[in-house]
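J.: My structure is below; once you've seen it, I'll send some questions.
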Amino acid sequence: MNVGIIGMGLIGGSVAKAAAAYTNHRIYGYDIKDDVISDAVSRNIIDRKLDYENISTCELIIIALYPNLTIETVKKIAPYIDKDAVLVDCCGVKKYVVDRITPIADKFGFTYIGCHPMAGYHMSGFSYSKENLFDGASFIMCPGNDVRYGKIKTTEDFFLSIGFGSVKMTTPENHDKIIAFTSQLCHIVSNAYVKNSAADEHMGFSAGSYKDLTRVAKLDENMWTELFLENRENLIEQLDEMIDNLVKYSIALKNNDADTLKELLKEGRIRKETIDGKIYRD
């Protein structure tokens, strides 16, 4: 089928590279940077540039942009999308985006499914995209109740074909609640952690734990500010709970309270073991 990709950065570029490597689909791509498109065409990653003429031939359109730019882009291209086509976004928040794109899709008659590829990298841009970025990763889909099963299956099959290991179906509301913990809180904690004064002297004293905790501190502040604010209520709830938990450790240390500190650490260990056990059983 014909697949259109708008936004050839880390995610969109990786979709294009994976599709070129693993499938026989015809891929059209668009990016604001002309040199990215020229490079992608010359390396046979995409067949040609996506434009207002050939977008109507696409059966699947994937938008890999920031949330507000995604919404604005859908408004512009909606009149040119075929009514049998499926449009998906790759935004890290869902309710904010779904609530704004669904009425546009309803007006122009095409199918829209809010999606979120659970894969990424701390660097951005087409040059960092890679065909195996999604290998074994989870792909989240938030189809509306009126989306036909055939459209869901077509979308699911495509993303599984480019390397995703599983597809998770959920609602936009549930997605945002969980992602506030599994992704957004992690970025805030990592970003705040490296602001400690001791970070300036870590060389020679740090190993795996430091690297693990600081990996996502190097983020795109423009994108993450937008994502955080569009999911602020869920994120505030998770952040406040995190702060409450940290305060308990601080109080135990200030009181030289070994029993409480040991119990807090034990609770965390057991919690981790319980979570890991559930994952392995599932």
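The values are calculated or read from the model by the stated rules, or taken from the named source; none is laboratory data. None of the values given here were measured: they were computed from a predicted structure. Ideal geometry is used to build each Cβ from the backbone, glycine not excepted, and the neighbour counts take in all protein chains shown. Calculation scope for accessible area: heavy atoms of the full protein, side chains included, ligands and nucleic acids excluded. Shrake-Rupley method; radii C 1.70, N 1.55, O 1.52, S 1.80 Å.
J.: What do you reckon, is Ile152 of a type in the set (A, V, I, L, M) and either within 17 Å of the chain's Cα centre (by Cα) or modelled with pLDDT under 95 (or both)?
T.: Numbers: of a type in the set (A, V, I, L, M): yes; either within 17 Å of the chain's Cα centre (by Cα) or modelled with pLDDT under 95 (or both): no.
No.
J.: Can you name the condition, by its number, that Asn256 falls short on among (1) assigned to a helix (DSSP H, G or I); (2) farther than 21 Å from Met118 by Cα?
T.: It fails just one condition, (1).
J.: Which condition from (1) more than 17 Å from the chain's Cα centre (by Cα); (2) at pLDDT below 95; (3) not hydrophobic (A, V, I, L, M, F, W, C) is the one that Asp220 breaks?
T.: That leaves (1) as the condition not met.
J.: If I filter region 143-164 for residues that are among the aromatic types (Phe, Trp, Tyr) and touching a His at 6+ places or on another chain (Cβ under 9 Å), do I get at least one hit?
T.: Yes, region 143-164 contains a residue that is among the aromatic types (Phe, Trp, Tyr) and touching a His at 6+ places or on another chain (Cβ under 9 Å).
J.: With respect to Met223, is the statement that it is closer than 22 Å to Leu10 by Cα and either of a type in the set (Gly, Ala, Ser) or in a helix (DSSP H, G or I) (or both) true? Full working, then the answer.
T.: Working: closer than 22 Å to Leu10 by Cα: yes; either of a type in the set (Gly, Ala, Ser) or in a helix (DSSP H, G or I) (or both): yes.
Yes, satisfied.
J.: Could I ask something else about it? Would you pick out the residues in region 175-212 that are under 15 Å from the mean Cα position of the chain (by Cα) and surrounded by 13 or more Cβ atoms within 10 Å (Cβ to Cβ)?
T.: Matches in region 175-212: His175, Asp176, Lys177, Ile178, Ile179, Ala180, Phe181, Ser183, Gln184, Leu185, Cys186, His187.
J.: Continuing with the same structure: Given region 122-206, what helices (runs of 4 or more DSSP H) lie entirely inside it while holding 1 or more residues that are within 30 Å of Ile37 (Cα to Cα) and among the hydroxyl-bearing types (Ser, Thr, Tyr)? If you could, list the steps in order and put the result at the bottom.
T.: On the way: elements: 149-161, 172-179, 185-193.
Hits in region 122-206: 149-161.
J.: Just to check your reading of the model, which residue among Leu264, Leu229, Leu239 is at pLDDT 90 or above and open to solvent by 100 Å² or more (accessible area, probe 1.4 Å)? Step through it out loud before you land on a result.
T.: Numbers: Leu264 fails: open to solvent by 100 Å² or more (accessible area, probe 1.4 Å); Leu239 fails: open to solvent by 100 Å² or more (accessible area, probe 1.4 Å).
None of the other options fit; the residue is Leu229.
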